[in-house]
Amino acid sequence: MIKRLEFKKIITSPIVLGLFLLFLMYNLFLIYDKTPMKEDMNLLQPIIKENGTLMDADGRSGLQSSYEKELATWNKLAQTKTGDTYEAATDFYKPEHFHSLMEAKTYTDKELQAISTLALKETYFHTIDGIESQYNQLNMIKSAEEQIRVFGLGEGVAETVRTQYTQLDTRVKELITNKEHLHLFFHGKIYATHSFLFKTLFQSIIFQAMILIVLFTAFLVNYEFEQKTSLVAYSTKRGRHLVWDKLVVALLSSLVATFTLLGTTLLVYFLVFDYSGLWNVPISTGFLIELNEIPFISWWNFTFLEYLLLSCALLMICQVIFALLTFCLSMWIRNSYIVFTIFGVIFGAGVLLPGYIPKDNLLILYTHFSPFVLVMNVKKWWMESGAFTSFKHYEVITVSAWLIALLLIAWFSISRFTRENL
Amino acid sequence: MLLVEEVTKNFGKFTALKKINIEFHNGVYGLLAPNGAGKTTLIKMLTTLLFPTSGTIRYEGHDIIKMDDKYRELIGYLPQEFGYYKNYSPTAYLLYLAALKGIDRKTAVARVKELLKIVALDHVATKKMKKFSGGMIQRVGIAQAMLNDPRILILDEPTAGLDPKERVRFRNLLTNLARDRIVILSTHIVSDVESIANEIIMIKNQEVLYKDTVINICRKIDGLVYETEVDYGDTEKFRSTYLTLSEKQETGKMHMRFLTTEDAKPEWKTVHPNLEDVFLYIYQDEVPSAGDDFDD
Amino acid sequence: MRLLFEELKKLFTVKTIILLLLVSIIIYQMFIVFDFKHFPNGRPVLDEFLATQKMLEDYGESMDEDEFEDFKSIYDQRINEATQYLQSQDDMVAAGLDSYTKFKSIDLENEKLAALHNKVYHEDYVDVFWEIPAREDMIERYEHPERYIQQYGQINEKQKARIEELMKNGAATAIFSYQVFENYNTLIKNVAILIFLSIMLVILPLYIGDRRNHAVFLQYTSKVGRTLFTKKLLAGLIASFIVITVQLVCFFFLYKGNDISMFLPLTLHSIYNAFISWYDITFLQYILLTVVSIYLIGLALVLVTACISSIAPNYMTSVGLHVPLAFILFGVGTTYLVQNLTTLYLFKYLLPVLLAAILSLSFILFWWKYKREKWKDIT
């Protein structure tokens, strides 16, 4: 009952609702902005239907034969139209003759569609070799040494990094044996879906949810003090136990807010972009590699769906951490606008802190185990993510340690509060 | 002379006060009504915080709204709840309010010192108000109302938080002040005004019901107030039959003070009505409801 | 006057000042310090900057034909120096790299040669080898002023006319440095964001505090009465003026460390800069323009923040309303009103029109609120 009333304080506040809708609209706009590439992306679907996602020797020869067949068909058509033959479908787009062909309207729209599909198939096909050689040359030990040199890490730190990357090296070998890297997926270099989904969208959802959560948690906890009803409220039967209710409500509301924001955004995303047939593709597939050529090496063999769900869960847990942090701050600072600002300062300090630790001190690694650093790098959750955060259980350790610490602080704050003179 | 003429105040569809007419001369006026009857609304109109929906309030013949700062310069006001800054000392706080009241700094410094002595806060003049008790805060409030030596002093529930000794001192202070100014005291604590108010104003059903001296008001129910003793067993029945004004246990019986228009019974003893009796009689049918404190 | 001081005191409490300091430190560390520490950022950018500085010392504000010949002769000299260096290195000579020309046309596919190449640039950091490509690039730009026009891509007649006019008036020989300009542009945007954030922090409690703890009852019934509303605004304006000024003074004090004072009197229009303004302005004038713009936006921001403070029922709503405001102001706002001011890419009078619009809108908003406040029932 009390919890419901507390919950109502949040839900009925127009600013929370207004901001929520505004954030949602912004996310939808981000998705809308990307919709033009949807048609192109969908061309992958028929390829998968025909050959499956796994591009091992079998899959590849299947793809190749279908590609060659279609190219031959196309060349027959081209022969009759212009007398040209093409070595590759992409040659069709060479500027020398493409523009004149378009002006002369030599080909019908349907035919143009066909060549475009073919060109894409060709791109996917040719990418496989590149991926294979890239992964065969992948050397995690070398990558570790390179990073140690670039960051100028001291011996103790370097040793830890080496240990981690040695484990990663084993994982890379396993990944190659599993052929995880050879699964078809939306071409990273063309669409960069991983960055869009897990960086652009997730990152903005994280910040949006964080803003909402900090706002309403600080508001809720200090509601009585700001309304000057604290003396009444805290002397009732429920009394100071009310703070417990507030904590529970703040945490639940945080989950609800995050879930709704995340859920709606993702729902729209997956309605717009058709991922059918791709849910079970391993997240470490080489097709995800984007223009920076950095492969995604996940610590476990996750499918895209597993990865997505795990990331959603982690995101929600992070927001719980932020709600807890806000709660603790609010127990000591009775003005919600100062709480909001201090939260921002703490967040900034948390992100900056590792930069101030000497490069030979192990603290530089420990300070990376913070939710602030964690949420700045969503794209690389559960994966190799650079010298400082590539630990197999980095995400789990970070959130569990902070959850426990903050719960203890919250408990301590509450017990102090129950004895405080009001 | 402060004159309230035909003043009506609506909040949306709700009428808080209807065609009120009151005249204030020098002296203490007790504004007596239960919570939510429109006391605070009237006071806020007298202090220009609210604007009458119709009608005017005049001071010496001038509309107080048109007088603007010339009017506000003349008033001292203690709201039920007033904002103070926790980190200010009473001195700093009163100096801030003196600046608001347009008192020049030199005069203000001397005046603040003098007032803090009057309200017996001179020993904590430079301590932060964070640690003050409710009574101390209330005394700071009383001091600020008197800062500008106002012609009209308006006090909303001024004795809240004061202990009995402080109350007495405060009443004496008011009696002194009222010799050459208007003092309007809003309260629902009858004893606060009974002894010092020259006139009592009672508001009921959005209108002024009485505006008269205590004696005259009490006369309205002269001969209707009795005292008697009742057996314990009969108290319930007695209460439902008559309007009991007070009751107290005495030597195994209940001593009842009550009001009735019935013919007196022999065991009843006629007594002189007091203001509290009138208050209880007039407002006997008023049940406080949630919407009543909308204007607090 | 006394009242104004009292209200200012309430805005600048110890708490607020500590908050401001903390926020400033964080923002500086996250977004500003980098552009101080790494200016000029990397090589050969650094070498280009040094060469430009020398150019300025030697030739003054512009470089005529004779001076260009001199500039080229320095380039030749550097090539000789590079050759001498190579000849002094046994491993280079052994690999047949005994002149700069040979070194330059090195086959980078050859691992051994690539290692030597890498040694010169990234291990020994031989300055002259970094300086040569920098100077080469500068010579090329001088010799091909038409590229200055080409970099603007598709332009309309007016824009074209403006560029041609500039070229006629000496842009082709004027000396400037695009690094200096871009560095300033990046810095001032982030500084502006910090300034606007500071203003929000200071002004946010302006009305809401007294309203929420019922101090208004006493304030509005005092002699000053509801005119306190404007007095508070004035205090807010003074406070933000102080905030802006202190922030800018701190920033320019640090900026002095970038050692670019010789660029201040120069015109922005040079083949060595990638920015064209609709107006003939020097770098110093441009800086002043950004400063004026920041003050004016600050003024508008105070009005809007003050309005929010006087309307919002609680701190949560107040902070919440600032979120979209900050989003717009820090993003779009600084991009068009603090960065690349008067750029040829945009409408010529965009800056004055936008500023005037923003200011008048915020004035109207505040005026409306002020009118309402005057006759509001204080319940």
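Test each condition in (1) modelled with pLDDT of 85 or more; (2) touching a helix residue (DSSP H, G or I) at 6+ places or on another chain (Cβ under 8 Å) for C:Leu97 and report the one that comes out false.
(1)
For the subset of the range A:17-45 comprising residues that are surrounded by 13 or more Cβ atoms within 10 Å (Cβ to Cβ) and over 30 Å from C:Leu325 (Cα atoms), which member is farthest from the other protein chains (Cβ to nearest Cβ)?
A:Gln45
Please work out which one of (1) under 14 Å from the mean Cα position of the chain (by Cα); (2) crowded, with 17+ Cβ neighbours inside 10 Å is the condition C:Phe252 fails and give its number.
That leaves (2) as the condition not met.
Yes/no per residue for (1) assigned by TED's automatic domain parsing to the domain that holds B:Glu6; (2) of a type in the set (Asp, Glu); (3) more than 25 Å from B:Met1 (Cα to Cα):
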residue	(1), (2), (3)
B:Thr53	yes, no, no
B:Arg58	yes, no, no
B:Asp69	yes, yes, no
B:Pro90	no, no, yes
B:Leu97	no, no, yes
B:Lys101	no, no, no
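Answer with yes or no whether B:Ile215 is under 24 Å from B:Tyr283 (Cβ atoms) and within 14 Å of chain C (Cβ to nearest Cβ).
Criteria not met by B:Ile215.
Here are C:Glu6, C:Glu81: which of them is more than 9 Å from every other protein chain (Cβ to nearest Cβ) and buried (at least 17 other Cβ atoms within 10 Å of the Cβ)?
Just one listed residue meets the conditions, C:Glu81.
Provide a single number: the residues in the range A:374-398 that are surrounded by 19 or more Cβ atoms within 10 Å (Cβ to Cβ), β-branched (Val, Ile, Thr) and assigned to a helix (DSSP H, G or I).
3
Here's a check for you: in the range C:294-310, which residue that is within 22 Å of A:Phe23 (Cα to Cα) and of a type outside the set (Ser, Thr, Tyr) is nearest to the other protein chains (Cβ to nearest Cβ)?
Checked the range C:294-310; the qualifying residue nearest to the other protein chains (Cβ to nearest Cβ) is C:Ile308.
With (1) buried (at least 19 other Cβ atoms within 10 Å of the Cβ); (2) part of a loop (DSSP other than H, G, I, E, B); (3) not aromatic (Phe, Trp, Tyr) as the list, and C:Val302 as the residue in question, which single condition is left unmet?
Evaluating C:Val302 over (1) buried (at least 19 other Cβ atoms within 10 Å of the Cβ); (2) part of a loop (DSSP other than H, G, I, E, B); (3) not aromatic (Phe, Trp, Tyr) leaves (2) as the failure.
Filtering the range B:25-53 down to residues that are more than 14 Å from chain C (Cβ to nearest Cβ) and over 13 Å from the mean Cα position of the chain (by Cα), which residue is surrounded by the fewest Cβ atoms within 10 Å (Cβ to Cβ)?
My answer is B:His25.
Got a sec? Which of C:Ile364, C:Ile358 is surrounded by fewer than 19 Cβ atoms within 10 Å (Cβ to Cβ) and either within 14 Å of chain A (Cβ to nearest Cβ) or not charged (D, E, K, R) (or both)?
Within the list C:Ile364, C:Ile358, the selection yields C:Ile364.
From (1) modelled with pLDDT of 85 or more; (2) under 26 Å from the mean Cα position of the chain (by Cα); (3) surrounded by 15 or more Cβ atoms within 10 Å (Cβ to Cβ), pick out the condition that doesn't hold for C:Ile155.
The one condition C:Ile155 does not meet is (1).
Could you check the range C:311-332 and list, in sequence order, the residues that are facing another protein chain (nearest Cβ under 7 Å) and among the aromatic types (Phe, Trp, Tyr)?
The answer is C:Tyr315, and nothing else.
Would you mind listing the helices (runs of 4 or more DSSP H) fully within the range C:173-270 where at least 2 residues are within 14 Å of chain B (Cβ to nearest Cβ)?
Here the list reads C:208-212, C:215-220, C:228-255.
Within the range A:4-16, restricting attention to residues that are surrounded by 15 or more Cβ atoms within 10 Å (Cβ to Cβ) and charged (D, E, K, R), which residue is farthest from the other protein chains (Cβ to nearest Cβ)?
Among residues in the range A:4-16 that are surrounded by 15 or more Cβ atoms within 10 Å (Cβ to Cβ) and charged (D, E, K, R), the one farthest from the other protein chains (Cβ to nearest Cβ) is A:Glu6.
The values are calculated or read from the model by the stated rules, or taken from the named source; none is laboratory data. Nothing here was measured: the structure is a model prediction, and the numbers come from that model. Cβ sites come from the backbone with ideal geometry, for glycine too, and all protein chains shown count toward neighbours.
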